[in-house]
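The values are calculated or read from the model by the stated rules, or taken from the named source; none is laboratory data. A quick note: this is a predicted structure, and the numbers were derived from the prediction, not measured. Cβ placement follows ideal geometry from the backbone for every residue including glycine, while neighbour counts extend to all protein chains displayed. Please note that ligands, DNA and RNA were not included when accessible areas were found on the heavy atoms of the full protein model with its side chains. Shrake-Rupley method; radii C 1.70, N 1.55, O 1.52, S 1.80 Å.
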Amino acid sequence: PGAANSDEGGKNMTSCVPCAPGKYAEMSAMSQCKLCNIGRHTAGQNGKLACDSCPLGTYASAAGTSTCVPCPSGSTTTFSGAAGVADCLCRAGLHGPPFS
């Protein structure tokens, strides 16, 4: 797990290589790595078995993200695994228009 066949077609396995950042291989004998879903990341690491949810205050708006994007200054998310900047809200005591 965490690595996949280096042959993209999976027919002529020559070596196992770690999945690149933003991708994962959850089981043995995978021929290709899978992309992390929106709201998930690999923390810039390769060879991951699974993708992690973006922590509070960050988001990942595209599949295959290796690192999460921080919310704009003065804002945060109210849950982990945020999918976009629209999930960022002003912190208590602050106000402003919705992010988009």
### Query
Which members of segment 60-83 meet the condition of being part of a loop (DSSP other than H, G, I, E, B) and crowded, with 16+ Cβ neighbours inside 10 Å?
ALA60, SER61, GLY64, THR65, SER66, CYS68, CYS71, THR77, SER80, GLY81, ALA82, ALA83
### Task
Keeping to segment 45-59, report how many residues are closer than 17 Å to GLU26 by Cβ and loosely packed, with under 15 Cβ neighbours inside 10 Å.
2
### Query
Taking THR42, is it under 8 Å from the mean Cα position of the chain (by Cα), open to solvent by less than 70 Å² (accessible area, probe 1.4 Å), under 22 Å from ALA4 (Cβ atoms) and touching a residue at least 24 places away in the same chain (Cβ under 8 Å)?
yes
### Task
Kindly indicate whether any position in segment 84-100 is β-branched (Val, Ile, Thr), farther than 30 Å from ALA4 by Cβ and touching a helix residue (DSSP H, G or I) at 6+ places or on another chain (Cβ under 7 Å).
no
### Query
Being at pLDDT 90 or above, polar (S, T, N, Q) and in contact with a helix residue (DSSP H, G or I) (Cβ under 9 Å, 6 or more places away or on another chain), is that true of even one residue in segment 47-57?
no
#### Entry: Near pairs, Cβ below 7 angstrom, 6+ apart or cross-chain, from segment 15-33 (within 19 Å of GLY44 (Cβ to Cβ)) to any residue that is of a type in the set (Lys, Arg) and open to solvent by less than 50 Å² (accessible area, probe 1.4 Å)
CYS19/LYS48; TYR24/LYS48
### Message
Consider segment 51-63. How many of its residues are in contact (Cβ under 8 Å) with a residue 24 or more places away in the chain, in contact with a Ser or Thr (Cβ under 9 Å, 6 or more places away or on another chain) and under 20 Å from CYS33 (Cβ atoms)?
### Response
4
### Pairs where the first residue, in segment 79-98, is on the phi < 0 side of the Ramachandran plot and the second is in a loop (DSSP other than H, G, I, E, B) and open to solvent by 80 Å² or more (accessible area, probe 1.4 Å), C-beta under 6 Å, 6+ apart
SER80/LEU56; ALA83/ILE38; ALA86/SER100
